[in-house]
Each structure stands twice: as C-alpha cells, then as structure tokens.
Amino acid sequence: MATYSETRIEDCVEYYLFPCIDGDKCSNEKLNEKLNETLEAVMVELSPLLVEYMWQNEHFNLQSGNEDLLPACLQGSTQFGNNIEDEWFIVYLLLKLTKVFDGMIAKISDNDGEFLLIEGANSLPKWLNPNTSTDRVYLYQGEIHIIPLPVTPAEMTWLPPGSLTVQQAVHIIRGHPDRTLASKPIRDAIYRRLQGYPGKIHQQIHRARCYLPAKAATVLQHYPSLVAQAAQAFCHRDPIDMKACRFMKFFPPEDLVLSQVKFTRCLYAELVHHRFQPPLRSGWKIPSSSSPKHKSHDLGIKLAYGLEILCSRCRSPPAKLDPETKEDAIWNSSLWQRYLESLKQKGYFRGEIEGSTLYTTLLSSAKKFYLETVNEGTRNISDPGYKVLEILQTVTCNVEELSKKEKHLPVDDDESWLTLTAEELDKLIESAAGRPLRNPTATMQENETDPEEVDFSPDLLTDTMKSFVDKVSSFEGAEFPKDSESAPISFDAESFEQIVKNLLEYRTPVEKDEDSDDFLSSDDESDDDTTDAVSCTETDLPSGIECNGTEVEEIRELMSAMDQELGATTIGESFEKEPQNVSHEELGADGEEKDELRPVEVDLNLLKNLLESYSSQNGLAGPASNILHSMGIKLPDNADDT
C-alpha cells in the first residue's frame with residue numbers, strides 16, 4: 001500500500017487500525033512482532049464474516065505498517081468499484097474490531113475524504129466542512145468520534161488549534177473519549193446506513209444457473225470469489241482482450257454443463273444488463289431470447305469469456321508443482337496451525353465433531369480464505385489469472401460428475417429486486433433524507449392512486465417554496481426548511497411586537513437619550529438627510545428593503561431603470577394576474593380592461609412555473625423534483641399523461 005497521503009485512487013477505500021501499542025518503547029523487531037500478532041488476531045476475529053462474503057473487486061486486506069507520519073498501525077486498501085456496499089461492510093468490520101480489541105482506534109476514508117460525514121451531513125456543526133474535517137473522524141469503542149475545534153482557553157489545553165496530525169488525534173481520543181464522541185444525530189445517521197449487518201451479507205447474494213465449459217465450472221467451484229474477477233474482466237474488456245478470446249484456448253465451448261454460480265447482486269445486474277453477442281467463428285450458440293435457457297447460456301458465455309481474459313492477462317504462469325507437495329508445505333506450516341487453533345477457540349466450527357459434513361465444509365471455506373488473505377506465500381499475488389491457471393493445473397475436471405449434479409441443482413433466486421417501482425423509490429428517498437414525504441400521495445398503493453382522488457394541496461407547495469426562499473443561502477449552498485415537527489420552537493417577544501406594529505402601519509418614534517454616544521445633534525445631521533430619512537419610511541419601496549436616507553434616490557433610479565427595460569418586453573404578458581372589477585373609466589378605448597391595472601397573482605405564477613418545470617422533466621431528475629424532494633414534497637402524476 002502507498003504511504004499515507006492525500007492522493008487517493010478512484011472508488012478505493014483506505015483504512016487504518018491503531019492498536020494500543022507504544023511503538024516508542026519497542027524496538028523495530030519487537031514492534032513488528034506485536035503488529036503481526038495483532039494482525040493474526042484480527043483476521044481470526046473477522047474470518048467467520050469474511051469467509052462468506054463476496055467482494056466486487058478487491059477483498060479486505062491488512063498488513064503491518066510502520067511509517068513516520070503514523071503511529072504503529074495495520075493498514076489496508078480495497079477498490080470497491082461499483083458496489084458501494086463493500087465500503088460500508090468494511091466500516092462495519094472496523095467498528096466491530098474497535099469494540100472487541102481494547103484501545104484500538106480505526107480510521108477510514110476514500111477519494112471523497114471523510115465519507116462518513118456525508119451520511120450525517122444534515123446534522124453536522126457549521127464549522128465542520130471538507131477543509132476542516134481532515135484527520136478528525138475516527139472509530140473507537142464501536143462509536144463514531146469527531147475531534148472538535150477548541151473554542152475556550154480551557155479546551156486549548158488538550159485540543160491543538162489548527163490542523164491535526166494522526167498521532168495527536170489518536171492520543172486525544174484515547175484521553176478524552178467522552179468529549180470527542182459525535183453527536184447522536186450524526187451517529188444515528190451512520191448506523192442507519194449500517195443497519196442489517198451482518199445478516200445483510202446473505203441478502204446481497206444471488207444464485208443463478210449457468211451453462212459453463214466443464215473446466216470453467218470446476219474453477220468456480222474451487223474458488224467462487226473468482227466470479228467477481230471474471231465478471232469485471234468481461235465488463236471492462238478491450239479489443240486486445242477480445243483478440244485473445246478468438247480461439248478460447250483455455251475454456252473452449254465444449255462439454256457445457258449446468259452449474260449454479262453465486263454472484264453478488266451488483267455483479268449479477270452488471271452481467272444481465274450487459275449486451276453481448278459472441279463472434280460467429282467462436283462456436284458459441286445461444287438459444288433465442290424466448291427460450292427459457294437463454295439467460296443461463298448468456299451468463300455462462302460471459303463468465304467463460306471473463307475467465308479466458310484473466311488467463312490471457314496473466315504475466316507469470318505458475319510453475320508446475322506436485323499438488324501433494326504444495327499442500328503439505330502449506331497445511332503443515334506453523335502459521336496455518338496457529339490460525340486453525342485460533343478458529344477453534346473462537347467457536348468457528350460451531351461445536352461440530354472433526355470429520356463431520358458441516359465441519360468439513362467449514363474447514364474447506366477456512367482454507368480458501370486462508371490462501372486468499374492470510375497465507376504469506378499467496379496473499380501478495382494480485383493476479384487472479386494466476387489462480388485460474390493454478391487450478392487448471394492442479395485440479396482434475398470430471399465432466400460426468402458435473403453432469404450428474406445438474407439434476408439436483410436448486411432453482412434460481414428470485415430476481416424481482418432488479419425492478420424498482422415508483423413507490424419503492426420514494427421510500428428509499430425518504431430513508432436517505434431522514435424525513436417522511438409530506439404529500440400523502442407518495443405512500444399510496446397503486447390501486448389508490450386515482451388522479452381524480454388525489455388530494456394535492458397547492459398551498460403546501462407555495463408555502464414551502466416561500467419558506468425555502470427565506471432561508472439562508474450562499475455560495476456554499478442553500479438551507480432547506482426543516483420539518484415543523486422537528487424544528488425547535490423559538491419566540492422573540494420584541495420582534496413579534498415590532499412585526500405587529502409594522503402590519504398595523506403604526507410606528508412609535510424612537511426616543512434617544514441625550515447622554516447617549518449615538519445621539520446626533522442638529523449640527524451633525526443636515527435637514528436634507530432628515531428629509532430623506534422621513535421619505536424612506538413613506539416611499540413605496542418593496543417590503544423587506546431597508547435603507548438610509550442617502551440610498552433612497554439610488555434605489556428609485558435603479559427601479560425606474562428596471563421598469564423601463566422590462567417595459568420594452570412582453571414578459572409582463574406571461575404572468576397570471578388577479579381578476580378584479582373595474583369601473584368604466586378604467587376600461588380602455590376598446591372597452592377592455594387595462595392589463596397594467598391588474599396586480600400579479602404571485603402564488604399562482606409560482607405554482608404554474610413549478611408544475612411546468614416538473615412536467616418538462618418527463619419523470620427524470622431535474623431542478624424542480626430535486627428541490628421538492630429535498631423539502632419532503634412528492635407531486636402527483638400528471639393525469640393528462642395517464
């Protein structure tokens with residue numbers, strides 16, 4: 001792994017574990033020994049979870065690190081690709097480790113920086129932004145910790161001002177865990193994202209039957225995790241890869257067998273929706289799309305091509321080695337014996353007798369996991385094509401046995417999760433936003449969404465938009481109005497009294513104390529200024545504009561210039577105006593009402609423009625829908641389009 005820096009790879013998560021080891025009091029040899037012991041204990045603790053998990057691209061890995069910029073730590077990185085669940089599963093693993101190992105602190109970030117804060121963005125304090133959050137977010141004792149900025153002189157005794165180093169941050173969290181604990185809303189938002197683990201591991205799996213060459217089926221049975229590498233290689237192939245697949249040297253379309261393959265939902269969706277037609281000269285024959293076997297053949301061809309691409313990319317083929325000699329070298333090593341003993345102590349084998357069916361299955365899974373992540377001789381080999389070629393050399397392919405298993409294969413898993421209804425999408429948006437939609441039509445069932453029965457309140461839309469406009473906005477963004485049920489209630493008696501007086505157009509002259517420093521004598525203020533100040537209260541400037549007497553004339557000139565410029569256009573004709581009764585004198589020469597005498601209907605124009613903008617999106621994301629969803633409003637469907 002690269003040294004600690006701000007340069008990060010796209011779709012890659014970096015993580016660090018800081019065990020409670022004082023590296024200053026240990027020699028380098030002793031420190032490395034303690035880190036290796038901690039690494040072994042960590043992998044044993046996580047083995048029951050990691051053995052069953054299938055990764056999108058790279059798996060969870062740790063190695064000891066001893067860098068100048070960091071305290072003694074274990075560090076790793078995982079490129080998760082398109083499956084964001086891999087990243088959040090690693091967050092779950094790190095939280096679990098900080099709870100199990102006393103004094104251990106974890107840090108995790110990706111190319112977005114402190115991505116944990118994104119989940120709790122609605123509850124972050126004002127001072128916390130991408131510029132001030134660097135090296136301030138950590139995991140400790142199964143909780144989220146954020147190191148604050150010092151505010152009082154007393155806090156400066158244990159909180160250094162300005163930026164932090166990782167060593168300082170680790171020391172602060174261990175010394176003041178109660179003061180660095182993140183607020184409950186932030187923690188709850190992050191825990192909601194982690195809800196469902198570890199059971200969620202099985203929910204993300206999809207099993208489907210595929211017609212594969214017998215050799216390919218054998219490879220995937222021995223190393224199911226190679227499905228991810230094969231799928232990625234196929235989906236990201238280039239012309240050079242396709243040239244290598246012209247003759248299918250390793251996996252020709254011969255001896256096709258039906259085999260069940262385990263995918264992640266993300267991998268399965270990528271392969272199913274990836275259109276591919278093999279070249280005619282390749283020899284592959286796919287049934288028509290109406291055939292029930294079409295999908296099984298289509299998936300099998302894509303996986304076979306992916307495995308072929310992995311083999312063609314392999315730079316260093318494995319040396320031919322007697323399988324029995326290699327097995328003895330690995331399973332008789334002291335590292336495997338210690339690892340196996342630790343698994344037994346942790347209850348990994350669930351009390352099963354050695355040699356039983358379940359014990360043998362669990363032992364086989366543990367061996368595969370050990371070879372991929374723990375074994376020093378194989379964990380540094382990053383080329384998946386090496387593993388494929390190694391299996392082809394060491395494992396015998398029995399076509400007859402694979403054909404017999406076809407009759408006992410279970411049916412494919414339900415793939416209804418591939419389709420998402422509008423109601424399910426609204427629920428996901430509600431969950432992500434942390435607030436329910438205020439329009440009841442968003443949660444109606446399909447048989448209840450009759451356009452004629454939808455109770456849509458235009459007042460709710462206009463009032464919410466006015467509240468949004470009144471909120472704080474700057475170059476950093478705008479604040480959305482909070483739900484009235486969750487917003488704190490505040491009442492300022494003086495402001496309320498002043499508002500009532502303004503509404504009644506009653507203003508009490510402000511009495512000034514003659515002894516006050518703010519008192520202005522007649523020598524300090526000219527008569528012209530006084531006249532301007534008085535006229536400022538009497539002028540018909542738009543409500544909400546406050547000005548001094550010297551600014552009135554400038555504002556009047558500006559408004560006059562705007563009126564002249566807009567008067568030469570037809571923009572006024574686009575506004576909806578209030579209907580009103582007018583006298584005969586107010587009618588024009590043709591007997592029609594003078595349009596300029598009718599005031600503009602502000603609410604109606606706002607509603608009309610929003611609905612037109614929403615309708616023009618044609619169901620896609622756009623400015624109108626994004627703003628309304630952020631404020632918890634779901635508009636009903638257009639009845640004219642149904």
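Points worth noting:
- Sorting 344-355, 9-20 by their mean Cβ neighbour count within 10 Å, with the most densely packed peptide first, gives 9-20, 344-355.
- Pairs from the table (LYS99/LYS344; LYS243/LYS404; LYS96/LYS634; LYS96/LYS407) lying more than 31 angstrom apart at Cα are LYS243/LYS404; LYS96/LYS634; LYS96/LYS407.
- Relative contact order of region 189-285, defined on C-alpha pairs under 8 angstrom at six or more residues apart (%): 45
- Across region 253-261, computed HN-Hα scalar couplings (Karplus, 6.51 cos²θ - 1.76 cosθ + 1.60, θ = phi - 60°) run x, 10, 6, 5, 10, 8, 9, 7, 10 Hz from first to last residue, x flagging Gly and Pro.
- Relative counts (whole %) of C-alpha pair distances in region 161-214, using bins that are 10 Å wide: 16, 24, 24, 16, 9, 10, 1
- Given R0 = 35 Å, the distance between the Cβ atoms of VAL600 and SER495 translates into a calculated FRET efficiency of 0.75.
- Qualifying chymotrypsin sites (Phe, Trp or Tyr not before Pro) in region 31-133, DSSP loop, other Cβ atoms within 10 Å at most 12: TRP127
- Amide N proximity, region 36-66 versus ILE118 label position 7 Å along Cα-to-Cβ, cut-off under 19 Å: 56-58
- The calculated FRET efficiency for the pair ASN129 and GLN168, based on their C-beta separation and a Förster distance of 25 Å, comes to about 0.80.
- Cα gyration tensor shape of region 76-225, rounded if a/c is under 1.5, else prolate or oblate by comparing a/b with b/c: prolate
- The residues CYS210, CYS26, sorted by heavy-atom accessible surface at 1.4 Å with ligands and nucleic acids left out, run CYS26, CYS210 from largest to smallest.
- Fully extending the segment from THR396 to ALA568 would add 53.3 nm, taking 0.36 nm per residue of separation and subtracting the current Cα-Cα distance.
- Extension gain for GLU406 to THR157 (0.36 nm times residue separation, less C-alpha to C-alpha distance): 82.6 nm.
- Rounded to the nearest whole angstrom, the semi-axes of the ellipsoid equivalent to region 169-321, taken from the Cα gyration tensor as √(5λ), stand at 41, 20, 14, largest first.
- Spacing of the two label points (7 Å from each Cα toward its C-beta) at LYS608 and GLU354, in nm: 8.5
- Whole-percent carbon and sulfur share, accessible surface of region 62-175, 1.4 Å: 51
- Heavy-atom SASA rank of ARG313, ARG192 (probe 1.4 Å, accessible area, largest first): ARG192, ARG313
- Cα pair distances of region 112-161 binned at 5 Å [whole percent]: 4, 18, 28, 23, 17, 8, 1
- Largest to smallest principal axis extent of the C-alpha atoms in region 111-197, angstrom: 41, 26, 23
- Per residue, region 175-263 exposes an accessible area of 47 Å² to a 1.4 Å probe, with every protein chain left in place.
- Cα gyration tensor, region 147-243 - rounded (a/c under 1.5), prolate or oblate: prolate
The values are calculated or read from the model by the stated rules, or taken from the named source; none is laboratory data. The structure displayed is predicted, hence computed values, not measured ones. All Cβ positions, glycine included, derive from the backbone under ideal geometry; neighbour counts span all protein chains shown. Remember, those area values only see protein heavy atoms, side chains included, never the ligands or the DNA or RNA. Shrake-Rupley method; radii C 1.70, N 1.55, O 1.52, S 1.80 Å.
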